[in-house]
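Undergrad: Here's a structure for you.
The values are calculated or read from the model by the stated rules, or taken from the named source; none is laboratory data. Just so it is clear, the model here is predicted, and its values are computed rather than measured. Here the Cβ positions follow ideal geometry from the backbone for every residue, glycine too, while neighbour counts run over all protein chains shown. With ligands, DNA and RNA removed, areas are computed over all heavy atoms of the protein, side chains included. Shrake-Rupley method; radii C 1.70, N 1.55, O 1.52, S 1.80 Å.
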Amino acid sequence: MSQVHAQSTQGQKAILVIHGGAGVIEKKYMTPEKEQAYKAALTQALEAGYSALQEGKTCVDAVQAAIRVMEDSPLFNAGKGAVFTHDGKNQMDAAIMNGADLKAGAIADVSNIKNPIDAARAVMEKSPHVLLACEGAEKFAEKEGCVMEPPSYFFTQDRWDQLQRALKRDKGDTTAVLDFDPRVNKIYGAGEEDDKFGTVGCVALDQSGNLAAGTSTGGMTDKLYDRIGDSPIIGAGTYANNKTCAISCTGWGEFFMRTLAAKTVSDLMEYKGMDLENAADTVIYHIIPGLGGDGGMIALDKNGDFAFPFNTPGMFRGYIGKDGVPHVFMYK
Ligand code: ASP
């Protein structure tokens, strides 16, 4: 199945894997400049996370460092560059989990936190709770020293245009349609690859053999009614357990929530004795598409073996391990 995407790094400690979202990422939609920009941003994220690991910092530090870089880049649907809701707002979700003690923190539907992953970590370490939402989450984040930004900071023209096309499609305007993708039975808007690509995530194994996972997203373009996706739901879009694996998902969140996708991978390993690759493949190639959903995930186990299966045309992804060289991929 995902053999070409799976790597064995048996016995190797300290490794970091990232994704920048799954979707209709195909060469025909990329200009060389755009491809270069994505490669550079993914490389920078890998280096930021890996240097934390090399300095002997924890996997939680590394996950946070890598995700911050992608949140600060306008290229990804997280932090600056988050997609717009139906009402033209940015409402972001993020989560982080520590596989050593199963502690987790998450925030949902926040609009003013520059780096939502920082707030998720603060929830994990400085609150008695796991998930905070909306103004309460923002108040807490501000109190904990997270950098706050006005809505204008998160605005990008590309995401705004993407929303305008989605709104036209909502009204049945076929000129906003470019491509029909039979694999996912969906129509994509002109020049916009996919409504739900660009979520970012990271999983890491540190020198002490601990695992962590984190995910950050603007959710899905044109989302309604303060919708919250899978990313901040522990067990759905994000999960880490030293006994099994660390997982960060991307894709059509509702399906990852209904199947508790990330925890299912862990459960298949823990209770069915599956290896990481088989467990991740089962979720991404059978369970999710079996219900009509699509997306991908990054998965890493305590041996340093990892996989990044996806059932969409592409997924921004990469890893960095012992050789210290960032490896970045986009297409199938
Ligand atoms: N899974 C995210 C959500 O549904 C979107 C994505 O991964 O692009 O909110």
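Undergrad: For the ranges 95-106, 268-279, what's the packing order if you count other beta-carbon atoms within 10 Å of each residue, average per peptide, and put the highest first?
TA: On the way: 95-106: 24.3, 268-279: 17.2.
The packing order, highest mean first, is 95-106, 268-279.
Undergrad: Also, I was wondering about something else. Give me the one-decimal nm value for the distance between modelled label points at GLN164 and TYR331, 7 Å along each residue's Cα-to-Cβ direction.
TA: Calculated label separation equals 3.0 nm.
Undergrad: Also: For region 195-287, which whole-number percentage of the solvent-accessible area (1.4 Å probe, protein heavy atoms only) is attributable to carbon and sulfur atoms?
TA: Ligands and nucleic acids excluded, carbon and sulfur reach 53 percent.
Undergrad: Another question, then. On a C-alpha basis, how far is the centre of region 44-101 from the centre of region 272-332 in Å? Whole number, if you could?
TA: 18 Å
Undergrad: Here's a follow-up. In nm, what is the difference between 0.36 nm times the number of residues separating CYS134 and ARG258 and their Cα-Cα distance? Kindly include the intermediate steps, with their values, before the conclusion.
TA: Numbers: separation 124, 0.36 × 124 = 44.64 nm, distance 2.25 nm.
Working it through step by step, the gained length comes to 42.4 nm.
Undergrad: May I ask for the Rg/Rh ratio of the chain, computed from Cα atoms with Rh as the Kirkwood radius, given to two decimals?
TA: On the way: Rg = 17.9 Å, Rh = 19.0 Å.
That ratio equals 0.94.
Undergrad: Something else: Keeping every protein chain present and rolling a 1.4 Å probe, give me the accessible area per residue for the chain in Å².
TA: Values: 12720 Å² over 332 residues.
Accessible area per residue: 38 Å².
Undergrad: What does the convex hull of the Cα atoms come to per residue for region 226-305, in Å³? Can you show the working numbers first?
TA: Details: hull volume 5.9 nm³, N = 80.
Convex hull of Cα atoms, per residue: 74 Å³.
Undergrad: Ok, one more. So how far, in whole Å, is the C-alpha centre of region 247-265 from the one of region 150-168?
TA: Centre-to-centre distance over Cα atoms comes out at 26 Å.
Undergrad: Which percent of the accessible area of region 51-96 is formed by carbon and sulfur heavy atoms (probe 1.4 angstrom)? Mind dumping the intermediate values first?
TA: Values: 600 of 1310 Å².
That fraction is 46 percent.
Undergrad: Same structure, new question: What residue among ILE247, ASN210, VAL200 has its Cα farthest toward the positive end of the dipole of region 193-252, where the charges are +1 on Lys, Arg and -1 on Asp, Glu, each on the Cβ?
TA: Comparing the listed Cα positions along the dipole, ASN210 ranks first.
Undergrad: A follow-up question, please. Counting only pairs 8 or more places apart or on different chains, how many lysine pairs in region 22-92 have C-alpha atoms closer than 23 Å?
TA: 5
Undergrad: Rounded to the nearest 0.05, what FRET efficiency do MET148 and ASP275 have when you use their Cβ-Cβ distance and R0 = 51 Å?
TA: Values: r = 43 Å, r/R0 = 0.85.
In this case the efficiency is close to 0.75.
Undergrad: Taking the square root of 5 times each eigenvalue of the Cα gyration tensor, what semi-axes in Å does the equivalent ellipsoid of region 187-332 have, largest first?
TA: Working: eigenvalues 116, 62, 39 Å².
Taking √(5λ) for each eigenvalue gives 24, 18, 14 Å, largest first.
Undergrad: In addition: Restricting attention to the alpha-carbon atoms of region 1-158, what are Rg (one decimal) and Dmax (integer), both in Å?
TA: So, for region 1-158, Rg and Dmax equal 16.7, 49 Å respectively.
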